[in-house]
Amino acid sequence: QVRLVESGGGLVQPGGSLRLSCVASGFTFSIYIMSWYRQAPGKERELVASIAGGGGVTNYGDSVKGRFTISRDNAKNTVYLQMNNLKPEDTAVYHCKRTSGGYWGQGTQVTVSS
């Protein structure tokens, strides 16, 4: 069955960096668009970034453009989210999603605070 497992979240100071990972299993990873979403308390879930199966096409939410980078390693069935210059408003639970079929990981908490 499809499984997505995120890791890499934590507590970081403003201006710091984190790299999230999402390991996928149960499907042919390389042919699917993968996405990162986030949800902060009291707010709707929002798209952070997405990446095509081959990795050549990416898309970012306006609030993270220029600070976050999505990438993937199809040999490792893993999608990454490099987050730089983090701000308190980036605090949220970050989820990995296989766009087709609507499969979600359990999420990893990112907290940006001094």
Residue check, ASP90 surrounded by 13 or more Cβ atoms within 10 Å (Cβ to Cβ) and either modelled with pLDDT under 95 or of a type in the set (D, E, K, R) (or both): yes
Neighbours by Cβ (under 6 Å, 6+ apart or cross-chain): first from the range 2-15, farther than 30 Å from GLY102 by Cβ and in contact (Cβ under 8 Å) with a residue 40 or more places away in the chain; second of a type in the set (Val, Ile, Thr) and open to solvent by less than 30 Å² (accessible area, probe 1.4 Å): PRO14/VAL112
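The rows are residues; the columns are (1) in contact with a Lys or Arg (Cβ under 8 Å, 6 or more places away or on another chain); (2) in a loop (DSSP other than H, G, I, E, B); (3) at negative phi; (4) modelled with pLDDT of 95 or more.
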{"site": "GLU6", "(1), (2), (3), (4)": "no, no, yes, yes"}
{"site": "LEU11", "(1), (2), (3), (4)": "no, no, yes, yes"}
{"site": "PRO14", "(1), (2), (3), (4)": "yes, yes, yes, yes"}
{"site": "ARG19", "(1), (2), (3), (4)": "no, no, yes, yes"}
{"site": "VAL23", "(1), (2), (3), (4)": "yes, no, yes, yes"}
{"site": "GLY42", "(1), (2), (3), (4)": "no, yes, no, no"}
{"site": "ALA49", "(1), (2), (3), (4)": "no, no, yes, yes"}
Residue list for the range 63-89, filter: without any contact (Cβ under 8 Å) to a residue 24 or more places away in the chain, within 12 Å of SER17 (Cβ to Cβ) and part of a loop (DSSP other than H, G, I, E, B): ARG67
Scope the range 25-40; condition part of a loop (DSSP other than H, G, I, E, B) and open to solvent by 80 Å² or more (accessible area, probe 1.4 Å); matching residues: THR28, ILE33
Matching entry among LYS76, LYS65, LYS97 (being among the charged types (D, E, K, R), open to solvent by 50 Å² or more (accessible area, probe 1.4 Å), under 23 Å from VAL112 (Cβ atoms) and modelled with pLDDT of 95 or more): LYS65
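The values are calculated or read from the model by the stated rules, or taken from the named source; none is laboratory data. Because the structure is predicted, anything quoted here is derived from the model rather than measured. Heads up, the Cβs are rebuilt from the backbone with ideal geometry, glycines too, and the neighbour counts pull from every protein chain shown. Ligands, DNA and RNA are stripped out before the accessible areas are found, and what is left, the full protein with its side chains, is counted by its heavy atoms. Shrake-Rupley method; radii C 1.70, N 1.55, O 1.52, S 1.80 Å.
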